[in-house]
Amino acid sequence: MGFEDVVIFAGSSSRTLTDRICVHLNTLPGRNETKIFSEGNTFVRVLENVRGREAFIIQSTVFPTNDSFMELLFWIDALKRASSASVTAVIPYFSYAKGDKKDEPRVSIRARVCADCIEAAGADRVVTMDLHAPQIQGFFRIPVDNLYALPVLCDHVRSLDLPNLVVVSPDAGFVKAARRYAAYLGASLAIANKERPDHTENAEVLEIIGNVVGKTALIVDDFTISGGTLAQVARRLIEAGAMDVYAMVTHGVFTPGSVEKIDASPLKKLFFTDSIETHPVTLSPKMEVVSVSSLLAEAIRRIYTHESISGMFPV
C-alpha cells in the first residue's frame, strides 16, 4: 500500500494551509467543492473516488465558527458515505476548546457537544493543535492527536538570535506550558499576574513576577483574540525594565480591533501560525505568520505509516 491510498481534502476555512501541507507530502489536494445557498445552507461534495482510501479533511472551525464546524461535519459524513477506509478530521484550530467545563450554573460544556458531533458524523481520528484545554482529548472515544507548535515557533525565534531572552507567561494558568518554551529556548521565565473578572475578553495585568530588567521579553500563549492581554503585558514589561518585547502564539484569532491594539502596543513583532487563515481583519507589518504545514504534514505521514506522533516533540 503506497501513499497513493491517502487523499487530503481542504475545507473552505483551510485551503491555503492544505496546499502547503500537500507540497510537503508531494501530493495534490483532493478535488471537492463547498457551496453556500441563499438561505445559508452549506453543501459539500467530494469530486473524486475515495473508496478504500484513507481520507484527511483539514478544516479550522472559526470565521465563521459555527458554519465552519457544520461544514466539517458534512465533510466527515460525505467521506464516510463515499466508502473511505478511514476519515481523519484535522482541525488546526478547534475554537470551542474554551468550553471545556461547567464552571457556572446551567451552561453547556460546548467542547463535549462538539466532540460528540464529530464522532457521530463518523470521524475515525482527530488531529488538532495546542488545544486550549488538553483534557478535551478525553471527551472523545476515538484517537485524538494534540500537536504542539512549540518546535516550529521556537526554531523561528532562535533564527532571530534575540539577545538575553526571557520567556513570559501571560498568566498563572499558562506557566507550565511557558516553562516548556523557556526550556526549549534555554531562557529564563517570568510571569504576568493577570485578573479576568468576566466574559468580556478584557483582563487586567496587575504585575510582572520575575526579573526582566534589560532583557528581551518573549510573551508566549496558545492564542490571542482581542490582543488586549498581549498589549497590556507588553506595556507592563517595558515599565518593569524590559529592553524589547516580542510575542508568540499558536493561534492568531484576531477579531476586529485587535490589530489596532497590537499596533499601538510596545510589541516589536507578534509571531503566530497559519492555523487560521480566514481573519476578518487586515494583518499589520507587526504580525508575522510562521507556517505549521510541515508539522501537520509529518503528523499525517506518521498516522498513515503507523509511527509515533509523540516522537515529533521534545519530552
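The values are calculated or read from the model by the stated rules, or taken from the named source; none is laboratory data. Predicted model only: the values in this text are computed from it and were never measured. Note: ideal-geometry Cβ built from the backbone for every residue, glycine included; neighbour counts use all protein chains shown. Side chains included, ligands, DNA and RNA excluded: accessible areas come from the protein's heavy atoms. Shrake-Rupley method; radii C 1.70, N 1.55, O 1.52, S 1.80 Å.
The table that follows gives values for the structure above.
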{"read-out": "T61 being free of Cβ contacts under 8 Å to residues at least 60 places away in the same chain, part of a loop (DSSP other than H, G, I, E, B) and surrounded by 19 or more Cβ atoms within 10 Å (Cβ to Cβ)", "value": "yes"}
{"read-out": "Any hit, segment 5-13, residues being aromatic (F, W, Y) and exposed (fewer than 11 other Cβ atoms within 10 Å of the Cβ)", "value": "no"}
{"read-out": "Considering residues of segment 90-108 that are in contact (Cβ under 8 Å) with a residue 24 or more places away in the chain and part of a loop (DSSP other than H, G, I, E, B) only, the residue most open to solvent (accessible area, probe 1.4 Å)", "value": "K101"}
{"read-out": "Qualifying residue in segment 65-84 (condition: surrounded by 21 or more Cβ atoms within 10 Å (Cβ to Cβ) and either touching a His at 6+ places or on another chain (Cβ under 8 Å) or part of a strand (DSSP E or B) (or both))", "value": "no"}
{"read-out": "Residues within segment 201-235 that are surrounded by 23 or more Cβ atoms within 10 Å (Cβ to Cβ), more than 25 Å from G257 (Cα to Cα) and modelled with pLDDT under 95, tallied", "value": "0"}
{"read-out": "Candidate set: segment 4-36, residues that are part of a loop (DSSP other than H, G, I, E, B) and small (G, A, S); chosen: the one farthest from I91 (Cα to Cα)", "value": "G30"}
{"read-out": "Subset of segment 15-53 that is open to solvent by 40 Å² or more (accessible area, probe 1.4 Å), touching a helix residue (DSSP H, G or I) at 6+ places or on another chain (Cβ under 7 Å) and touching a residue at least 60 places away in the same chain (Cβ under 8 Å) - its residue that is farthest from A297 (Cα to Cα)", "value": "R20"}
{"read-out": "Residue satisfying all of: in segment 258-315; polar (S, T, N, Q) and not in a helix (DSSP H, G or I); farthest from D145 (Cα to Cα) among these", "value": "S265"}
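Each row is one residue, and each column tells you yes or no for (1) among the basic types (K, R); (2) over 22 Å from I21 (Cβ atoms); (3) more than 14 Å from the chain's Cα centre (by Cα).
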residue: I91; (1), (2), (3): no, no, no
residue: S95; (1), (2), (3): no, no, no
residue: K101; (1), (2), (3): yes, yes, yes
residue: R112; (1), (2), (3): yes, yes, yes
residue: A115; (1), (2), (3): no, yes, yes
residue: V127; (1), (2), (3): no, no, no
residue: F139; (1), (2), (3): no, yes, yes
residue: I142; (1), (2), (3): no, no, yes
residue: L147; (1), (2), (3): no, no, no
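Residue by residue, here is whether (1) of a type in the set (K, R); (2) closer than 26 Å to E288 by Cα; (3) open to solvent by 60 Å² or more (accessible area, probe 1.4 Å) holds:
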position: R112; (1), (2), (3): yes, no, yes
position: C117; (1), (2), (3): no, no, no
position: A133; (1), (2), (3): no, yes, no
position: F140; (1), (2), (3): no, no, no
position: C154; (1), (2), (3): no, yes, no
position: S159; (1), (2), (3): no, yes, yes
